[in-house]
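Comments concern the structure below.
The values are calculated or read from the model by the stated rules, or taken from the named source; none is laboratory data. Treat the numbers as computed from the prediction; the structure is a model and nothing was measured. Don't worry about glycine lacking a Cβ; one is built from the backbone with ideal geometry, like all the others, and counts go over all protein chains shown. We work out accessible area using only protein heavy atoms, side chains counted, and drop any ligands, DNA or RNA first. Shrake-Rupley method; radii C 1.70, N 1.55, O 1.52, S 1.80 Å.
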Amino acid sequence: MERRAAPPQFSLVDDPLPQGRGVRVVLGAPRTLSVQPFAFPFSQPGKVREALRLRLLPLLGEGLAQTLVVPLVTERRGKGCSGVAWIARRDELESLSARVGEARFWPAPLALLGEEPDGVLGVVEDDGVAALFVAGGIPRGYRWQRLSGQSPEDLRENLLAQGDALGCPGPCRVVDLRDPSQRERFLQEAPRGYGALPFLGDFDLSLRGAAHAESRSRSLHTLRRLSWILGLGGGLFCLAAGYQWLDGFRTQETATQAQYRVFRGAFGEESPGDPLMEAKRRLRRAGASSSGLSFGDLLALMGQAFKDQGQGVRLESLRYGPDKSEIQGSASTTEAVQAFRKRVDDGPLSAAMGDLQQIPGGGFRFVLTLKEDRP
């Protein structure tokens, strides 16, 4: 007779730990947690973790050592993969993990993901609300914030506005765990999300689970490398390297000949040297260089924009180009980012919102692409 697996058991951090066989999951609301989507042309867990650390290093600096990064792969395409990275302060997860024991730990709104694949999923606990922003069943952002005397209507509107800014429009579902009836219904519905989304089957945000996943991926990576070396051998490796060198040499020759053909077709004569450099010199002599906004003009426009709508916004870097420029900065709220973007867009520049990411501990990091409006 076939034995069926025991259903998963869910409980909250303040409840007694679930007992018995099967998967046990404890739900809580980390305050320093944030989510960052990723997509890489590789899928090995070790490479994914290293790539995420390199991406976060400029943002966190030395704080990366006190930060836990747990990747969750939601889709694999060929050799690549995509998913979300869960980022939180290590000391907070240490405190939560001590209360979890041998069970797994999930952010509480994640248990609602099987019910609402789009929009905002919120869980009210004590003096704050933990919100998960999702699109197409994939988390796109997470934020914990204090209630601060907000009415249910104001809280809903605030969460919906944040969801729109993160590209997660849709309904907003908020469960108040201070209400015993809502708390009970929430725990009854939690197993549905576990079964509806296969990529959550092994997810564990506790320190023990993260360390186990990293150790397992490191062992698998070592075995793959050993198998690769033994299978191919030194001779096959040399043959492949020689083929790649020959192919690269042929590609370079083809590209060089193509440059000469294009130059001959454009100017009706052979290039006396490097076709690309010679073409640039001739275009400059003909007055074909761009006459975009100068760097000084750009600084003046940015200064005026910060004076008018720069409250709560901090500029961190500026990349100038005569045709397109880019600024990176941070702000305390999404409203401050949108107000600043609109003020820049009202001038002679067209400002397009690029990447918008949450910063661990609160706030948002943004990128604006600036182009000069031309008739």
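When you check ARG261 against the structure, is it open to solvent by 80 Å² or more (accessible area, probe 1.4 Å), touching a strand residue (DSSP E or B) at 6+ places or on another chain (Cβ under 9 Å), at pLDDT 70 or above and not assigned by the TED database to the domain that holds VAL129, yes or no?
No: the conditions fail for ARG261.
If you take the residues in region 177-194 that are open to solvent by less than 40 Å² (accessible area, probe 1.4 Å) and not in a loop (DSSP other than H, G, I, E, B), which one is modelled with the lowest pLDDT?
Result: GLY193.
Which of the following residues is more than 23 Å from LEU200 (Cβ to Cβ) and in contact (Cβ under 8 Å) with a residue 40 or more places away in the chain: GLY128, GLY101, GLY163?
GLY128
Out of the residues in region 324-354 that are out of contact with any strand residue (DSSP E or B) (no Cβ under 7 Å at 6 or more places or on another chain) and charged (D, E, K, R), which is nearest to PHE366 (Cα to Cα)?
The selected residue is GLU335.
Rundown of residues vs (1) open to solvent by less than 50 Å² (accessible area, probe 1.4 Å); (2) of a type in the set (Lys, Arg); (3) in a loop (DSSP other than H, G, I, E, B), yes/no style:
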position: LEU17; (1), (2), (3): no, no, yes
position: THR32; (1), (2), (3): yes, no, yes
position: GLN36; (1), (2), (3): yes, no, no
position: LEU52; (1), (2), (3): yes, no, no
position: VAL70; (1), (2), (3): yes, no, no
position: CYS81; (1), (2), (3): yes, no, no
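Go through region 323-371 and give me each residue that's touching a residue at least 24 places away in the same chain (Cβ under 8 Å) and either of a type in the set (Lys, Arg) or open to solvent by 60 Å² or more (accessible area, probe 1.4 Å) (or both).
Those that are touching a residue at least 24 places away in the same chain (Cβ under 8 Å) and either of a type in the set (Lys, Arg) or open to solvent by 60 Å² or more (accessible area, probe 1.4 Å) (or both): ASP323, LYS324, SER332, GLU335, GLN338, ARG341, LYS342, ARG343, PRO348, GLY361, ARG365, LYS371.
Return the pairs, sorted by first residue and then second, in which the second residue is open to solvent by 30 Å² or more (accessible area, probe 1.4 Å) and outside any helix (DSSP H, G or I), the first residue lies in region 49-62 and is closer than 16 Å to ALA211 by Cα and without any contact (Cβ under 8 Å) to a residue 24 or more places away in the chain, the beta carbons are less than 6 Å apart, and the residues are 6+ apart or on different chains.
Here the result reads none, with nothing in region 49-62 linked to a residue that is open to solvent by 30 Å² or more (accessible area, probe 1.4 Å) and outside any helix (DSSP H, G or I).
Pick from region 94-116 the residues that are of a type in the set (D, E, K, R) and part of a helix (DSSP H, G or I): which of them is surrounded by the most Cβ atoms within 10 Å (Cβ to Cβ)?
Result: ARG99.
Just to be sure before I move on: is GLY163 surrounded by 15 or more Cβ atoms within 10 Å (Cβ to Cβ) and closer than 17 Å to PRO30 by Cβ in the structure I sent?
The answer is no for GLY163.
With GLY119, GLY141 as the choices, which residue is open to solvent by less than 40 Å² (accessible area, probe 1.4 Å) and in contact with a Gly (Cβ under 7 Å, 6 or more places away or on another chain)?
Criteria check complete, one pass: GLY119.
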